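Shown next, in structure tokens, is the structure this report addresses.
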Protein chains: 2
Amino acid sequence: MFDTQNMKTAMDQLGTQARDTSKQIALASTEQKNRALSVAADALRSRTAEILAANAQDLEFSAKKGLSPAMIDRLLLDADGIEAIATGLEAIAALPDPVGDELARWDRPNGLNISRVRVPLGVIGVIYESRPNVTADAGALCLKAGNAVILRGGSESFYSSGAIHACLVEGLKEAGLPEQAIQLVPTRDRAAVGCMLTMSGTIDIIVPRGGRSLVERVQNESRVPVFAHLEGICHVYVHEEADPDKARAIAVNAKMRRTGICGAAETLLVDQADAHMPPAILHDLVDMGCEIRGDSEVQKIDARVAPATEEDWHAEYLDAIIAVKVVENLDAALSHIEAYSSNHTDSIITENAAAAETFLNRVDSAIVMHNASTQFADGGEFGMGAEIGIATGRIHARGPVGLEQLTSFKYQVRGSGQTRR
Amino acid sequence: MFDTQNMKTAMDQLGTQARDTSKQIALASTEQKNRALSVAADALRSRTAEILAANAQDLEFSAKKGLSPAMIDRLLLDADGIEAIATGLEAIAALPDPVGDELARWDRPNGLNISRVRVPLGVIGVIYESRPNVTADAGALCLKAGNAVILRGGSESFYSSGAIHACLVEGLKEAGLPEQAIQLVPTRDRAAVGCMLTMSGTIDIIVPRGGRSLVERVQNESRVPVFAHLEGICHVYVHEEADPDKARAIAVNAKMRRTGICGAAETLLVDQADAHMPPAILHDLVDMGCEIRGDSEVQKIDARVAPATEEDWHAEYLDAIIAVKVVENLDAALSHIEAYSSNHTDSIITENAAAAETFLNRVDSAIVMHNASTQFADGGEFGMGAEIGIATGRIHARGPVGLEQLTSFKYQVRGSGQTRR
């Protein structure tokens, strides 16, 4: 069936199947899609032993390959993990169906009635590393938004992803939906990824889920539009009129709650005028085991501060390290952020409403915040229910990519015989 | 300055200037942008003689090159044409500024207030053929939406576009805006186009304006997302329950009002059951000088019908020619449209509301219509004020691309000290 000797032909066939199926899945009822997801959740539960066995195969393969403990950790499934995946599917089933939503409607003087209605995007390609749960999450989100999806999981999670995918297919079949609605690329061969990135005729959007090197490769090579962020160099700026307690709590939370997520703060900017605040914040951070790299001003405040180099302002540590800089004022903070931000999420801490509005308007990032932790940069926290990722591009989706962002729209024009003059 | 010997370097410099300027222009006030446009309109009027002289230079060059009369016609400017361009700029100035519009706002249970606010897209590249007026129209639309723009006009309109561009620059200067907000590629060398298509780091969107070969080249080669339509193979489907008068009026208008625009109908589908309607419609069309190419059923109706081949169902004639096919029923019409439509604009004529809704929901085109002429597929007719083109892609913009489609958005999150658990 899938001939890895003729990868391009095999992948094109997958693409054509997805494209054809996308037309059917676009018209699927909410009930059908939800049924597919809830049957898939049940299948995950009833096939737990099977999935764990597949996962054990993957772990064995990965141990031989000498995968890092962090990667092994992401790959590892247990019964609780499978239950969480099943619950995730049910949560997506419970979300409102975006397809068919009326986004706008208006009348023209000639009597034409025009509405803008949400429709699925079409075919989505998801390329991810060895996190088997993405198979279910991404597959379910794309399906719920009425899309066909081609999933390409990391080679180390080959069997786990396959076992989870089988549950999704069972759900589709039970719901009377075509099983090609959610396809998993059935090969470990990395050439398949290269093929996906050039399938601009059959794939509408590529979503990479993984580390910097994966996203970078996809962004550089893809001929298909990409929803992604390369990195999250998020800033917390403590303005001179910040409330000291809020500044401490937010700075510490933004950095330390979880250091490995894209919304974690990487740089702290502090106004020169704040003589009292930096010591307390730095103290809290050091106490929690955070390494601090600061400019000369910051080094004067606390002897435990290591000197920051130019590289630190560009760094996405994803670790308990933070770069700290003293800035002259709001304008200097804005300039620093313009120069170094990855346009993901940046936050100002201040009690000065005008300064806050200036920051919210002038910082050109997908998410800009006032008196809130950058760790809120998340589709769930935004109330979108679930997200497939966060995008820093400017086209179509920006910020958390949830169900609505996985749709397009069309115009419906209702007339009564109008002709154009 | 612009070194055509080092085209890539020269174009990259243009791109960097655009990118840098885009940050300033994104923050420009509505008043500033409108002032730039109205000063540019005045400049067009006061420099009419200069522009006509530049146009004469272009016409001389084009005559030597042996340009077709149709292309000469598009290139030719007169005083009325320049006045129309000036009026067009004033009309864009009068449109509401989309930047800063609040698209949505909601509160989270933790007290965070989230809003989705319109921001400019960034840098737009417009590649067009020798229609000097596009210099003004496209430049003005991009500016009004807060973007920097790089314009690349056809080589035959080099001097005319340059003279019009000078007026735009005068407007920018008068309004205190950076003149790099609207840049015109200062060379006829086609290599500049190839450079633009790979400038994915500095150009956010490419908009091609011109014939099929230009759009095809851009779509095939561009590494930058493209807003465009390759062709407009628009269908009018006369359902068995159509009102005969509406069917005649709409079919004739959709085909013959202007045959050269993308929203002109190219194929007429008629239900088998309509014994009485096709003859009248065909009669009207033939009377107006339209050539009819029909399947065998249609040929039986009217002896003047030429036989249609498979090619005719794929044809965008842009001329007084129409392909006509008898279909069994609504499903057959939907199948034909799915197979042959270019997903631009398709219309059903019927008095049966259920059939109309089925058509509006199932036809996967940017614009779907009921009892209206496909020639309404136009941003002005939609009430958008002006458009830079029509897109048939599914990403970001679909249908008429007006000011709103030339923007992106960001999330503003307002808190009171929230940290994430």
Expected sort for A:Phe409, B:Phe2 with the fewest Cβ neighbours (10 Å cutoff) up front is B:Phe2, A:Phe409
So, counting K/R as plus one and D/E as minus one, what does the shell of residues with Cβ under 12 Å around B:Ile390 add up to? -2
³J(HN,Hα) across segment B:193-210 via Karplus (A = 6.51, B = -1.76, C = 1.60, θ = phi - 60°), whole Hz, x for Gly/Pro? 5, x, 4, 4, 5, 10, 7, 5, x, 10, 9, 8, 8, 10, 10, x, 10, x
Net charge over other residues, Cβ less than 14 angstrom from the Cβ of B:Val224 (K, R count +1; D, E count -1): +3
Between 0 and 90 degrees, rounded to the nearest ten: what's the tilt of helix B:79-94 against the longest Cα principal axis of chain B? 80 degrees
From other protein chains only, count the Cβ atoms within 10 Å of every residue's Cβ in B:267-273, then give the mean. 0
Calculate I(q)/I(0) for the protein assembly as shown by the Debye formula, one identical point scatterer on each C-alpha and no solvent, and give its log10 at q = 0.08, 0.09 Å⁻¹ to two decimals. -0.78, -0.97
Taking each pair of different alpha-carbon atoms in chain B once, compute 1/r for the pair, average those values, and report the inverse of that mean as the Kirkwood hydrodynamic radius in Å to one decimal. 23.3 Å
Springs between alpha-carbon atoms under 10 Å, Gaussian network over chain B: tell me which of B:Thr309, B:Thr202, B:Thr350 tops the mean-square fluctuations. B:Thr309
One decimal, nm, shortest first: give the distances between the label point of A:Ala104 and those of the same position in the other copies, each label point 7 Å from Cα along Cα→Cβ. 1.5
Averaging the inverse of every distinct alpha carbon separation and then flipping it gives the Kirkwood radius. What is it for segment B:203-322, in angstrom units? 15.7 Å
Could you check how many percent of all C-alpha pairs in segment B:348-413 are farther apart than 20 Å? 41 percent
Teacher prompt: A:Glu60 distances to equivalent labels in other copies, 7 Å Cα→Cβ, nm: 8.3
Consider the operator that turns chain B into chain A: which B residue has a Cβ nearest its axis, and what is that gap in Å? B:His396, 2
Chain B - charge dipole about Cα centre, Lys and Arg +1 at Cβ, Asp and Glu -1, debye rounded to 20: 2140 debye
Could you tell me the distance between the Cα centroids of segment A:31-103 and segment A:191-233, to the nearest Å? 22 Å
Using the Karplus equation 6.51 cos²θ - 1.76 cosθ + 1.60 (θ = phi - 60°), what ³J(HN,Hα) coupling, rounded to whole Hz, does each residue of segment A:252-268 give in order, writing x for Gly and Pro? 5, 5, 4, 7, 9, 3, 9, 7, x, 9, 5, x, 5, 5, 10, 9, 10
What's the average, rounded to a whole number, of partner chain beta-carbon atoms within 10 Å of each residue's beta-carbon in A:371-382? 5
Run the label-point distances for A:Arg421 please: 7 Å along Cα to Cβ, every other copy, nanometres, shortest first. 6.3
GNM on chain A, Cα springs under 10 Å; top mean-square fluctuation among A:Asp12, A:Asp287, A:Asp42 goes to A:Asp287
Tilt, helix A:7-26 to longest principal axis of chain A (alpha-carbon atoms), in degrees rounded to tens, equals 80 degrees
Between A:Pro98, A:Pro208, A:Pro400, find the one with the highest GNM mean-square fluctuation for chain A; connect C-alpha pairs within less than 10 Å. A:Pro98
Taking every pair of alpha-carbon atoms in segment B:1-132, what share in percent sits in each 5 Å bin, from 0 to the bin with the longest distance? 2, 8, 11, 12, 15, 16, 15, 9, 5, 3, 2, 2, 1, 0, 0
Take peptide A:384-396, look around each residue's Cβ out to 10 angstrom, count Cβ atoms belonging to other protein chains, and average those counts. 3
Compute the acute angle (0 to 90°) between the alpha-carbon long axis of helix A:212-221 and the principal axis of greatest extent of the alpha-carbon atoms of chain A; round to the nearest 10°. 60 degrees
From DSSP H assignment alone, runs of 4+ in chain A each adding -39500 (n - 2.57), the sum over residues rounded to the nearest 500 puts [θ] at 222 nm at -13500 deg cm²/dmol
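Values quoted throughout were computed directly from the atomic coordinates according to the rules given, and no laboratory measurement underlies them. Given the structure is predicted, the values throughout are model-derived calculations rather than measurements. We place every Cβ from the backbone using ideal geometry, glycine too, and count neighbours over all the protein chains shown.
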